[in-house]
Amino acid sequence: MRLTTDRLLIRDWHPLYDAQQAFDIYGDVRVTHWLESDADSSLRITQKRLQRYCERCTNGLGVWAVIEKAIDRAIGSILLVPLPNNDKTDSGKIEIGWHFRPASWGYGYATEAANAILSYGFQKLQLPTIYAITASDNIRSQRVMARLGMQTLGFTDEHYNRTLQLYSLMAEHYSSSGQLESMADSTASTSAPLT
């Protein structure tokens, strides 16, 4: 995977090379709180996490690094993966999500990266609908979903063994034009627990 936007590069994670920068994301409880997981306690744990992310990159789907081009640094993750049911079986839905280091919140990076992944998912992968989920109190992610044109479908308890808000965007309602003009957000992450 290699996508670029004005400010970002989206690429595969490199577990050994990227572990320190990824630790700034996954070693921070302000991020992992939304994932309902413990913060990574060491670089080795973060490397293992990134290796699992690499293994999930199949059939055009995956979890990728978001690099801020101006500083050549990994500042977040963006994902496009099958949304599992509570029993870990395939729900038939594809989920978009994001996790960013706190120092990068509030600059519109989540919206910019997600818009690029939505375009990729709809245009290259020909997905009919892309879903997102978040905790009801994760207002930052909800704002990103709104900026992307996603519609709330209400609450569900079918994924990740907890009650979450479910959003969707159908390909026929997606327009990438003009989406990047208003990107100031303070996004933490979605609540999808990638471990």
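The values are calculated or read from the model by the stated rules, or taken from the named source; none is laboratory data. Nothing here was measured: the structure is a model prediction, and the numbers come from that model. Cβ placement follows ideal geometry from the backbone for every residue including glycine, while neighbour counts extend to all protein chains displayed.
In segment 122-138, what count of residues is obtained for those that are small (Gly, Ala, Ser) and surrounded by 22 or more Cβ atoms within 10 Å (Cβ to Cβ)?
Residues that pass the stated criteria total 1.
Give me the strands (runs of 3 or more DSSP E) completely within segment 39-130, filtered to those with at least 1 residues that are of a type in the set (Ser, Thr, Tyr), ordered by residue number.
73-84, 90-100
Looking at Asn161, Asn115 in this structure, which one is at pLDDT below 95 and farther than 20 Å from Trp13 by Cβ?
The conditions single out Asn161.
In segment 19-54, which residue that is of a type outside the set (D, E, K, R) and in contact with a Pro (Cβ under 6 Å, 6 or more places away or on another chain) is modelled with the lowest pLDDT?
Ser37
For segment 2-23, which residues satisfy the criterion of being polar (S, T, N, Q) and either more than 27 Å from Ser41 (Cβ to Cβ) or out of contact with any helix residue (DSSP H, G or I) (no Cβ under 7 Å at 6 or more places or on another chain) (or both)?
Scanning segment 2-23 gives Thr4, Thr5, Gln21.
Please go through (1) touching a residue at least 24 places away in the same chain (Cβ under 8 Å); (2) more than 22 Å from Tyr160 (Cβ to Cβ) for Asp72 and return the number of the only condition it doesn't satisfy.
Checking Asp72 against (1) touching a residue at least 24 places away in the same chain (Cβ under 8 Å); (2) more than 22 Å from Tyr160 (Cβ to Cβ), the one that fails is (1).
Looking only at segment 1-50, count every residue that is loosely packed, with under 15 Cβ neighbours inside 10 Å, without any contact (Cβ under 8 Å) to a residue 60 or more places away in the chain and under 20 Å from Glu112 (Cα atoms) and tell me the total.
1
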